[in-house]
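J.: Please see the structure below; I have some questions.
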Amino acid sequence: MRLRPTNFGTIIFSIFFIACHSESQPVAARTNTAVGKFHETPVKAAIAPFIYDTSSPEKRAVIEQLDYYYKKQVSAGFNGEVLVGFGGKIIYERYFGYSNRERKIPLGPNSSSQLASVSKTFTGAATLYLYDRKYINLDDPVQNYLKEFPYPNITVRMLLCHRSGLPDYTKWVPVYDNDHNTPISNDRMMAMMSLYKPALEFRPNTRFKYCNTNFAVLARIIEKVTNMSYADFMSKYIFQPLGMQHTFIYDPARVLPPDATVSYKRNWAREPDMFADGVYGDKGIYSTAEDMYRWDQSFYQNILLSNETIELAYGPCSFEKRGVKNYGLGWRMLCYANGNKVIYHQGWWHGNNTSFYRFIKENMTIIVLGNRFTNNIYHQAPAVYSIVKGVPEMKGFDTED
């Protein structure tokens, strides 16, 4: 979960995406009115069936090459779901291996997998949903929403773009709690933060550092503003309006649905829960490749967010270090000197590795959800892009979680 400078050829990317903001012009949010009581009606969107573009000779040739590529990936240990979309149509969809190996249940379109840190794209968008409707001001101190939050100089925006300086709860909670196995809640984590006030890692808004605590706190802000649980809000206002029927928030106190995948280590041993599995917002969303494609396509249609707010989310926020990698409001991105951009996020939690790449200008999407640990997932996007576009494989894609 680190950002490292990298060099990347710009010729191929002359076809890509919306323009990045310049280093001298950081993204600025509009001024919001006073926060009021939450009283929104969920968006009503027509749920259209997927359109597949797989029958032309050109697409069949691409499919054949992708099948050959993934045959090698499976031989190397890959077990998971793959979906590639182009121009709003699905051009490749495959399910390799098991949802539950012990019971010989294969993966399929309804198999929900832990998204790990790709969950942050949802928490970020949910926060911006409330911002768009004037329930949250991004430049308000977090303490305006969570009185128990012990750091007065951290704003909502700093959480969204990982510039808060907060220490990662996965590191400091075990210092104060000897029980490392029983899942804790966001409330418990916040109570410990208020009680022990672990030291900030740097002065807020002075640099970027990826931190899971940021999005766990954002989940609590969502709950406080809406007076709903995070799970209920996400279901009612995000998942259901988009037709994401197999997407839900993990609750370690409940039995997983039958279609949910098991998380496996590389040796096929099951990954047990531990203390952090009860915390949500930074991870904890289960979804399918098809539901993730609905999520991806919703941004092109402005179903949940205005175009202005989407542009805000896609704007880079950290300029202390040079390099193409950056982070916006809930999204990682690759920004290039010629103004081109890739929007993406990746994740790793237990045996789940996830990769979600979005090439905005082309409306091309690569979704890979794995439930058996393998780092190879983070190397698949450049190969898949190369095959689909018929260009040499590019270097510089993010190869970390």
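The values are calculated or read from the model by the stated rules, or taken from the named source; none is laboratory data. Worth saying up front: this structure is predicted, and the values here are computed from it rather than measured. What goes into the accessible areas is simple: the full protein's heavy atoms, side chains included, and nothing from ligands, DNA or RNA. Shrake-Rupley method; radii C 1.70, N 1.55, O 1.52, S 1.80 Å.
J.: In Å and from the alpha-carbon atoms only, list the Rg and Dmax of the stretch 67-138.
T.: 17.4, 50
J.: Still on this structure: Got a number for the accessible area of LEU195? Probe 1.4 Å, square angstrom, nearest 10.
T.: Counting only protein heavy atoms, the figure is 120 Å².
J.: Using only C-alpha atoms and all pairs of different ones, pull out the Kirkwood radius for the stretch 41-198 in Å with one decimal.
T.: Mean inverse Cα-Cα distance, inverted, gives 20.3 Å.
J.: Whose amide H sits under 5 Å from the amide H of ARG372, counting only residues 5 or more places off or on another chain, with H placed in the peptide plane?
T.: Correct list: ASN79, TYR264, ASN353.
J.: By accessible area of protein heavy atoms, probe 1.4 Å, what ranking do TRP348, TRP268 get, highest first?
T.: Reading off the accessible areas and sorting them downward yields TRP348, TRP268.
J.: Let me ask something else about it. As a test of the formula, what do you get for the chain when each DSSP H run with n ≥ 4 contributes -39,500 (n - 2.57) and the sum is divided by the residue count, at 222 nm and rounded to the nearest 500 deg cm²/dmol?
T.: -7500 deg cm²/dmol
J.: Using only Cα atoms, figure out Rg for the chain and give it as a multiple of 2.2 N^0.38 Å.
T.: Dividing the Cα radius of gyration by 2.2 N^0.38 Å gives 0.95.
J.: Work out, in µm²/s and without decimals, the Stokes-Einstein translational diffusion coefficient of the stretch 306-382 at 20 °C, 1.002 mPa s, Rh from Kirkwood over C-alpha pairs.
T.: Using the Kirkwood radius from Cα pairs, D works out to 158 µm²/s.
J.: Mind ranking ILE303, ILE343 by accessible surface for me, highest first, 1.4 Å probe?
T.: ILE303, ILE343
J.: THR226: accessible area at probe 1.4 Å, nearest 10 Å²?
T.: Result for THR226: roughly 10 Å² accessible.
J.: For SER185 and PHE38 in the same chain, what is the full-extension length gain: residue separation times 0.36 nm, less their Cα-Cα distance, in nm?
T.: Contour length minus the Cα-Cα distance gives 50.6 nm.
J.: Okay, next question. With the radius of gyration and the Kirkwood radius both derived from the Cα set of the stretch 126-205, what is their ratio Rg to Rh?
T.: Here Rg/Rh amounts to 1.00.
J.: Moving to a separate point now. Using the Cα atoms of the stretch 253-401 to build a convex hull, what is its mean projected area in square nanometres?
T.: Approximately 11.0 nm², given one-decimal rounding.
J.: Gap in Å between the Cα centre of the stretch 54-115 and the Cα centre of the stretch 273-347?
T.: Using only Cα atoms to place each centre, the spacing works out to 23 Å.
J.: Just to verify a number: what accessible area does PHE319 come out at with the full protein assembly present, 1.4 Å probe, Å² rounded to tens?
T.: Counting only protein heavy atoms, PHE319 exposes about 50 Å² to solvent.
J.: Hey, can you list the DSSP H helices of the chain whose Cα span along the axis is 18 Å or longer and whose average Kyte-Doolittle score is at least 0.0?
T.: Those that clear 18 Å and a mean of 0.0 are 119-132, 212-226.
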